[in-house]
Amino acid sequence: MRIRISLVVVGVLMASWGGWELLRSVDLHGLVRLPLWLGGAVVVDDFVLAPLTIGVGWVVARWSHRPGAHRTVGVVRATLVAAGVTSLIALPLLWRQGTGVNPTVLPRDYLRDWLLLEATIVLVGAVGYFTFSRVRASSGDIGGR
């Protein structure tokens, strides 16, 4: 119980310090824009990302009901999750590429790097898909024919 209380105290102290630093280092205009940005993130999550994820999950679930798909559906899901997460991380870099006063802030070709990363993820996923789809079902395999 003491450990739990001490962790709560440490957490409250760290949150208080972070709030103090936020108020000390951000101007009034930034403090007004911060809730707008956070609210926009909630709206995008609730009305874009969640329906998109549910739709893709539904399509993959419908696709996985065919014979033999149980061996490959995990590879497809993992590939989609990896591609989606890396795309979400790369979007701010892709949007801000070449903008701003200082051209040395984002000097790399992020579009090329992101496309290479996505191509690598899809290639690894395709190798996994074709590897698992060619595996013959054993007698103990659930749903194997």
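The values are calculated or read from the model by the stated rules, or taken from the named source; none is laboratory data. Owing to the predicted nature of the structure, the values given are computational and were not obtained by experimental measurement. Because the Cβ atoms are built from the backbone with ideal geometry, glycine has one as well, and the counts that use them run over all protein chains shown. Accessible surface is based on the protein model in full, side chains and every heavy atom, while ligands, DNA and RNA are left aside. Shrake-Rupley method; radii C 1.70, N 1.55, O 1.52, S 1.80 Å.
Evaluate the distance, in nm, between pseudo-label points positioned 7 Å from the Cα of T53 and of L116 along their respective Cα→Cβ axes.
About 3.0 nm, to one decimal.
Given (1) 40; (2) 56; (3) 21, which label gives percent of Cα pairs over 26 Å apart as computed from the coordinates?
Calculated percent of Cα pairs over 26 Å apart: the matching label is (2).
Gaussian network model of the chain, Cα springs within a sub-10 Å range: biggest mean-square fluctuation belongs to which of T86, T72, T104?
Top of the fluctuation ranking is T104.
Find how much the distance from A41 to R96 grows on full extension, using 0.36 nm per residue of separation minus their present alpha carbon separation; answer in nm with one decimal.
Working it through step by step, the gained length comes to 18.1 nm.
For the chain, give the magnitude of the charge dipole about the Cα centre (Cβ charges: +1 Lys/Arg, -1 Asp/Glu; no others), in debye to the nearest 20. Walk me through the numbers before you get to the answer.
On the way: 14 positive and 8 negative charges, 129 e Å.
Result for the chain is approximately 620 debye, rounded to the nearest 20.
Just name one of L94, V32, V81: the one whose Cα is farthest towards the positive end of the charge dipole of the chain (beta-carbon charges, Lys/Arg +1, Asp/Glu -1).
V81
With all protein chains present, calculate the accessible area of R108 using a 1.4 Å probe and round the result to the nearest 10 Å².
Accessible area of R108: about 130 Å².
Hey, what number do you get for the chain at 222 nm if only DSSP H runs of n ≥ 4 count, each worth -39500 (n - 2.57), divided across all residues, to the nearest 500? Display every interim value, and only then the final one.
Working: 5 runs with 103 residues, N = 145.
Result for the chain: -24500 deg cm²/dmol, rounded to the nearest 500.
Using the alpha-carbon atoms, what tilt in degrees (0 to 90, nearest 10) does helix 2-25 show relative to the longest principal axis of the chain?
It is inclined by approximately 60 degrees.
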